Structures are given as C-alpha cells and as structure tokens.
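Working notes, beginning with the structure itself.
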Amino acid sequence: MSHIMSQLHLDHLNLSRLLNVLKDKLDRLKAGERPDYQLILDVVTYIVDYADAHHHPLEDQIYDHAIAHYPDSQPVLEAVEQEHKVIRHDTHEFQQLINSILMDSIVSMDLFNQQLEDFIRQQYDHLNQEEGNVFPLLEKTLQNSDWQQLESRLQHHDDPLFGEHVAQEYKRLYKSLTQSDAAA
Ligand SMILES: [Fe+2]
Ligand SMILES: [Fe+2]
C-alpha cells in the first residue's frame, strides 16, 4: 500500500477513536448526565482543523487524479467529494452551535442530542463509505505509476493531535483520550 493510503487509513482510525468518545458522551447525555461541551467542542474543532482542512483535501486530490485518468471511477468519487463539502458545512455549523452554548445561549437538550447524534452518524457513514467502497476502488484502479506521481506531488500535513507533537490547543483533549484509554 502507498504511503499516502497508509496515512489516510491511520487518519480514519484516529477519527473513529474520537467518534467513539463522542458516542460515549451521547449515551451519557441520554442517561441524563451533564454534557462536557468543552470536550465535544475540542473534538469537533479537531475535525474542522484537521479532517476538513487537510485530510479531505488530500483525498480530493487523489480522487481528482483518478477521475481524470480512469473516468469509470467518476460517479463514486464525485459523490464522495460532494460529501466532503456537505460535511465541512455541517461540521462548521455544529461547531458554532457548541460555541454559542459555551457563550450561554440556551439550546434544548433534545435539540443538542439530536445534532450530536446526526453529526456522529454523518462522520461514521463517510468513513465507512471510504473504507468499504472508495479506498478499495482506488487500490483496484490506480497503478504504481499513479501512486508515484501522487506521492511526489502531495504533501501530508502534520496531525496536531495524533502526530508527533500535540499542539497546545489539543493538549486537554489528548489528556482525556489517554485517561479514557487507561480506564478502558
Ligand atoms: Fe473523505
Ligand atoms: Fe477520509
């Protein structure tokens, strides 16, 4: 497997780990526990700053290359590129909702729970679509020479949470992830 695909798979594993944290929070909210909005905001902010800003654009460049050279792949890959746009928009809106709650706006728990549930489902559906259909299609379609071209052209951006250095703004989230691993 190419280096880029290994990195994208790793990003997916890390994202699903965060989505599991959110899923656990959602279950607790439904059981009546008070939400940890700051932790939820940190996860959503990471997704905005890393997945939407770097992971999806990297995928888009690979998908564009595949569409240009192997037109049969176009319907599947254009659909998933479109999903990136919808996800970016929806994630930004959800981030704004949490920010407004932290600045004392009143939002009903039912509404918040529903938005969180929708957010988690949208993210999981996208990961599953890529892991289950899109990445296997790329592996089948793209040749060694395509991967060599892509590897020389595309740059992977450092992950500010799961990479070598944890960025200051994610130290709190990183700590709570390592604590929940230790408790598991
Ligand atoms: Fe994607
Ligand atoms: Fe992805």
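Out of the residues in segment 27-56 that are among the charged types (D, E, K, R) and outside any helix (DSSP H, G or I), state the one that is nearest to ligand 2 (Cβ to nearest atom).
Among those that are among the charged types (D, E, K, R) and outside any helix (DSSP H, G or I), it is 36.
Out of everything in segment 105-147 that is among the acidic types (Asp, Glu) and open to solvent by 80 Å² or more (accessible area, probe 1.4 Å), what residue ends up being nearest to ligand 2 (Cβ to nearest atom)?
Out of the qualifying residues, it is 125.
Can you tell me which residue among 158, 104, 110 is at pLDDT below 95 and either within 17 Å of residue 8 (Cβ to Cβ) or touching a Phe, Trp or Tyr at 6+ places or on another chain (Cβ under 7 Å) (or both)? Walk me through it before giving the result.
On the way: 104 fails: either within 17 Å of residue 8 (Cβ to Cβ) or touching a Phe, Trp or Tyr at 6+ places or on another chain (Cβ under 7 Å) (or both); 110 fails: either within 17 Å of residue 8 (Cβ to Cβ) or touching a Phe, Trp or Tyr at 6+ places or on another chain (Cβ under 7 Å) (or both).
158 is the lone residue from the list that is at pLDDT below 95 and either within 17 Å of residue 8 (Cβ to Cβ) or touching a Phe, Trp or Tyr at 6+ places or on another chain (Cβ under 7 Å) (or both).
Restricting to segment 57-86, name every residue that is within 10 Å of ligand 1 (Cβ to nearest atom) and surrounded by fewer than 20 Cβ atoms within 10 Å (Cβ to Cβ).
Those that are within 10 Å of ligand 1 (Cβ to nearest atom) and surrounded by fewer than 20 Cβ atoms within 10 Å (Cβ to Cβ): 57, 58, 60, 80, 81, 83, 84.
Filtering segment 25-56 down to residues that are within 16 Å of ligand 1 (Cβ to nearest atom) and of a type in the set (Asp, Glu), which residue is surrounded by the fewest Cβ atoms within 10 Å (Cβ to Cβ)?
Filtering first and then ranking leaves 49.
Could you tell me which of the residues 123, 129, 149 is over 30 Å from residue 29 (Cβ atoms) and either touching a residue at least 24 places away in the same chain (Cβ under 8 Å) or in contact with a Pro (Cβ under 6 Å, 6 or more places away or on another chain) (or both)?
None of the other options fit; the residue is 149.
The values are calculated or read from the model by the stated rules, or taken from the named source; none is laboratory data. Owing to the predicted nature of the structure, the values given are computational and were not obtained by experimental measurement. Here the Cβ is made from the backbone with ideal geometry for all residues, glycine too, and neighbour counts use every protein chain on show. Please note that ligands, DNA and RNA were not included when accessible areas were found on the heavy atoms of the full protein model with its side chains. Shrake-Rupley method; radii C 1.70, N 1.55, O 1.52, S 1.80 Å.
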